[in-house]
Amino acid sequence: MNRILHAFYALLISAAGLSASVMPEKLGDAAISESVKEFNLDDDELYKNKIPNAAAEEFMLNNIPRFDCPDDMLKKVYYFRWWTFRKHLRHSEDDGWTITEFMPNVGWGGKHNTISCASAHHIREARWLHNSDIAKDYITFWCFSSDRPRSYSAWFATSAMDVYSATGDSELLKRLYPKLKANYAAWKKRNFDPKKGLFWINDGADGMELSASGSLHMQWQGYRATINSYMCSECGSLSKIAEMSGLKEESEAYAKEGELLKKNMNLILWDSSAKFYKVLPRNGSADVFSPHRELHGYTPWYFNLAPADYAEAWAQIKDEKGFKAPFGLTSLERRSPLFQINYVGHECQWNGPVWPYSTSITLSAMANFLRGGQTNGVLDKSDWFDALMTYAKSHRRTREDGKTVFWIDENINPFNGDWISRTRLKTWKNGGWDTEANWVERGKDYNHSTFADLIINGLVGIQPQLDGSLIVEPLAPDSWEFFAVDEVPFRGKMVSVLWDKDGSRYGKGAGFAVYVDGVEVFRSKSPGKVKIEI
């Protein structure tokens, strides 16, 4: 649609006091209200931050995109995850909005109980909130105010670009740029091996305590695809910010550094015989890989760094000797001799349990892989949807009174859906469960993964672009006769995407349509990839 005409219609809508929503209220606001009532009723609200349960409905009605689809369970989990997300919002006079990982204050948390490990996941979710200050304040906090920005691996510059892509706030990027540069420089000084041309890290600092290719095998430090993907992406993001700031030489230098790191990672950390990214132990033989495939080997696809001819790695997603299990994707391939589901020792083991943290990265990586168009027949979108639904169905716990409620916690038994850390900690006294100071329900409502982003960006396919345009490419099943996401904020406007096979669900006519501020800007007979100039 002509930009001027589009703007004119948007002004008419605004002047008339009409909502930009295109979804019927019974499928939008009512679904939120009904869900919140259910979640509040089933909740034991042990800890409170800025938005308590009593304010959850108002916050969600004012801030989250509405979602509709034929699967009621998937829709309910979407609202459940927003309901738990708002629990983690804190607000202070000095730092504005921050986001926690654990509800109780934990000893390894920093200022405002923040932890850098899942900060990128927090921002991937927060960028879809109507209140853009939440994502902006949070990335600013990590750059200017955090006392522990590098306690765990993270990707702040790339997260800043995620905020920019959604909001268009270039001044924020320019203000953050010196701090983002300093953060990368600090990582490079501490964790880069110039002889190898790669970054190294131990599994605990990578957010993956006691992994098969790390602490469990006495190989504390390793060259991992995780940290190298993060830092490669940081270089690319810093290059783009420098270019936007008119710093051509800095932009070219970061781009060159990122390309070299990408080349080294793809050459050195790819095991051509196993057809997988592997860990190269730093304290072992120089060129002998850890023998184990681990789920974090899919990280390069999350950042679109893997070559097309590495596609065969994705076969392990469908293999029950690989990562596929009844309650999710295991953190270690099931054929590994170190694969175990332990209820002894450390409560956070990464040698078998399903971790939503890694599930989130893998599902986003898989979406990128599928949209890249060079899958070589290894996967199709039905495999992605199957993994998404398995993830969604894992959001459950059966209480002692026999009632099954929605739940998100730390790590999952892949065979029976038990939340392992919770089961372990509940048996501990004087260190795990007996008093509030010892983190009763430490992992309840755990904010260590994404879900809303997998619906908005993955399933429905809304992908903000740096040039201000929007690509929409759904991964929803072809069998679905309808789906919608409504009131998605994008650079000061509201975007809605609808698929209604016969027009009876939403009353907007049959077909696949995209709306901006309530004005239809695209329509086709069926869902497919489209680029929207806004």
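Results, tabulated for the structure shown:
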item	result
Residue match in the stretch 91-107 (condition: in contact (Cβ under 8 Å) with a residue 60 or more places away in the chain, under 18 Å from Leu129 (Cβ atoms) and not hydroxyl-bearing (Ser, Thr, Tyr))	yes
Odd one out for Arg396, checked against (1) at positive phi; (2) over 17 Å from the mean Cα position of the chain (by Cα)	(1)
Residue satisfying condition, being surrounded by 14 or more Cβ atoms within 10 Å (Cβ to Cβ) and either part of a helix (DSSP H, G or I) or at pLDDT below 95 (or both), within set Asn49, Asn40	Asn40
Single residue of the stretch 128-161 satisfying the filter (more than 25 Å from Arg190 (Cα to Cα) and free of Cβ contacts under 8 Å to residues at least 60 places away in the same chain) that is surrounded by the most Cβ atoms within 10 Å (Cβ to Cβ)	Ala135
Search result, residues across the stretch 19-33 that are in contact (Cβ under 8 Å) with a residue 60 or more places away in the chain and either of a type outside the set (Ser, Thr, Tyr) or more than 15 Å from Met60 (Cβ to Cβ) (or both)	Ser19, Ala20, Val22, Met23, Pro24, Leu27, Gly28
Residues being out of contact with any Asp or Glu (no Cβ under 7 Å at 6 or more places or on another chain), hydroxyl-bearing (Ser, Thr, Tyr) and over 20 Å from Val288 (Cα atoms) - total across the stretch 221-275	7
Members of the stretch 104-120 that are of a type in the set (Gly, Ala, Ser) and more than 17 Å from the chain's Cα centre (by Cα)	Gly107, Gly109, Gly110
Enumeration of residues in the stretch 178-233 that are assigned to a loop (DSSP other than H, G, I, E, B) and among the hydrophobic types (A, V, I, L, M, F, W, C)	Trp200, Ala205, Met208, Leu210, Ala212, Met218, Trp220
In the stretch 510-531, residue farthest from Ile462 (Cα to Cα) [restricted to those that are in a strand (DSSP E or B) and touching a Ser or Thr at 6+ places or on another chain (Cβ under 9 Å)]	Gly511
Subset of the stretch 124-140 (residues that are within 9 Å of the chain's Cα centre (by Cα) and more than 18 Å from Ile51 (Cα to Cα))	Arg124
Residues being among the charged types (D, E, K, R), part of a loop (DSSP other than H, G, I, E, B) and at pLDDT 90 or above - total across the stretch 271-293	3
The stretch 162-172, subset closer than 19 Å to Gln463 by Cα and not aliphatic (A, V, I, L, M), residue surrounded by the most Cβ atoms within 10 Å (Cβ to Cβ)	Tyr164
Restricting the stretch 466-500 to residues that are free of Cβ contacts under 8 Å to residues at least 40 places away in the same chain, not aromatic (Phe, Trp, Tyr) and not in a loop (DSSP other than H, G, I, E, B), the residue that is surrounded by the fewest Cβ atoms within 10 Å (Cβ to Cβ)	Asp500
Subset of the stretch 344-371 (residues that are surrounded by fewer than 21 Cβ atoms within 10 Å (Cβ to Cβ), at pLDDT 95 or above and out of contact with any helix residue (DSSP H, G or I) (no Cβ under 6 Å at 6 or more places or on another chain))	Arg371
Residue among Lys196, Lys275, Lys262 that is surrounded by fewer than 18 Cβ atoms within 10 Å (Cβ to Cβ), in contact with a helix residue (DSSP H, G or I) (Cβ under 6 Å, 6 or more places away or on another chain) and touching a residue at least 24 places away in the same chain (Cβ under 8 Å)	Lys275
Qualifying residue in the stretch 522-530 (condition: among the hydrophobic types (A, V, I, L, M, F, W, C) and buried (at least 20 other Cβ atoms within 10 Å of the Cβ))	no
Qualifying positions in the stretch 124-171 - farther than 27 Å from Arg66 by Cα and assigned to a helix (DSSP H, G or I)	Thr140, Phe141, Trp142, Cys143, Phe144, Phe156, Ala157, Ser170, Glu171
Any hit, the stretch 239-257, residues being touching a helix residue (DSSP H, G or I) at 6+ places or on another chain (Cβ under 7 Å) and under 24 Å from Phe385 (Cα atoms)	no
Selected residue [at pLDDT below 95 and acidic (Asp, Glu)] from Glu481, Glu487, Glu436	Glu436
Members of the stretch 155-204 that are of a type in the set (D, E, K, R) and in contact with a Ser or Thr (Cβ under 6 Å, 6 or more places away or on another chain)	Lys174, Asp203
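The values are calculated or read from the model by the stated rules, or taken from the named source; none is laboratory data. Predicted, not measured: the structure shown is a model, and the values here were computed from it. A quick note on method: Cβ atoms are made from the backbone with ideal geometry, for glycine too, and the neighbour counts reach across all protein chains shown.
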